[in-house]
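Any read-out appearing in this document is the output of simple, stated calculations on the displayed coordinates, not a laboratory observation. Not measured: the values here are computed from a predicted model. Virtual Cβ from ideal backbone geometry, glycine too; neighbours counted across all protein chains shown.
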Amino acid sequence: MFEKMRQNFISKNEKKQQAQLLDTAKVTVVIPFYNRANYIKEAIESVFNQTYENWKLILVDDGSTDDYISQIKDFLEDPRVKLQRLGQNVGQSKALNSGLDLVETPYLIQLDSDDWFYPHTLEILVNEADKQPNDVAVISGNIQITHEDENGNRILTEVYKNRQFKDKYDFLLSNTSVWPRFYRTSSLRFVGGWPTDDPYEGRYLEDKRILHKLIEHFRFYWMDQMLYNQRFHKDSHSRNVEKYAEVEEWTVRDSLKRWGDEYEPVMETFGLGWKRVNYIISKNSEGHPNKLTLQSSSKMPENQQHATNQFTNLNNLSGAPGTGPGTGPGTGPGTGPGTGPGT
């Protein structure tokens, strides 16, 4: 009898604590996924392992046909977690917008279903976000990228270190994205959420598209800390080089036109067929075209000017958060793998 009363008391206290966490939550983690039963459990566990506990989690099932429920059913008992099932596969941007509709916290962070956080990720980002002015829409850091073979064995680990961006042209010419993408929710809603007006309705390069929209009106803030783990494996959507390259050029041209139509991009193809901006030329220069490159746009320190598209290879990296990695020279992987998997 006493044991039953004790368990009921513990249960009531736990529910009370969980309710308090919901009431004080500042950030919502949104995980859109499509047929990721082999990976999604690890992604969710990384949220539950956060040192910062005042979070909410929205899982957006983008029409999955695999048996992912068996992997996540225990997590669904936590009141901080919501599962939203879409009737059909609509793609990454529409799935994210569906999750955005449910967000009630001031901040939102996207976690891809095959990636994972460091235990300190949310605590560091929330604390920094609270210090930043309202015109900062996105906070990011550095990431560790793990490449796996067909059997799931790690074959290569890299560190990607980002940087601050001077303005929207500096960001465009950097040919990169940012990770993790920790958003101010009000900023996302100000620009109407993730755009879906491209030829593939937001299925590819959703990160570049929303970032190009946000940097028209807001600033980005970068922290020189390891905050995200990204996985590349045999099923990674971003291996679809042809479509990513197509949407990359479409996005660049669309953004430049929307930003005043002052510049024409000169694109180049590299690697397996990826595309990136080589430079942009002013349309209004009579006789003397104004060629804008990464260096002239960003005025980066000399020791970083030639670091674009470089990584630090760390095959024996331990992966311990906050220890060393994150000081590699890379200032952007271009539009190759890592610019955001679609669904």
- Item | For L83, L96, order by how many other beta-carbon atoms lie within 10 Å, fewest first | L83, L96
- Distance in nm between pseudo-label sites at N127 and Q164 (7 Å out along the Cβ direction from Cα): 2.0
- Local electrostatic count at G91 - Lys and Arg +1, Asp and Glu -1, tallied over other residues with Cβ under 9 Å: -1
- Note on the structure: Checked region 208-283 against the a/c 1.5 cut and the a/b vs b/c comparison, axes a ≥ b ≥ c from its Cα gyration tensor; verdict oblate
- Note on the structure: By the mean-Cβ-within-10 Å protection proxy, highest first, 167-173, 27-33 rank as 27-33, 167-173
- Taking H placed 1.01 Å from N in the peptide plane, check which residues at least 5 places from Q84 or on another chain put their amide H under 5 Å from its amide H. L59, V60, D61
- Task: Based on alpha-carbon positions alone, could you give the equivalent ellipsoid semi-axes of region 89-170 from the gyration tensor, as √(5λ), descending, whole Å?
- Result: 26, 20, 15
- Task: Within 10 Å, count the other beta carbons around each residue, average over each peptide in 216-227, 123-134, and list them highest first.
- Result: 216-227, 123-134
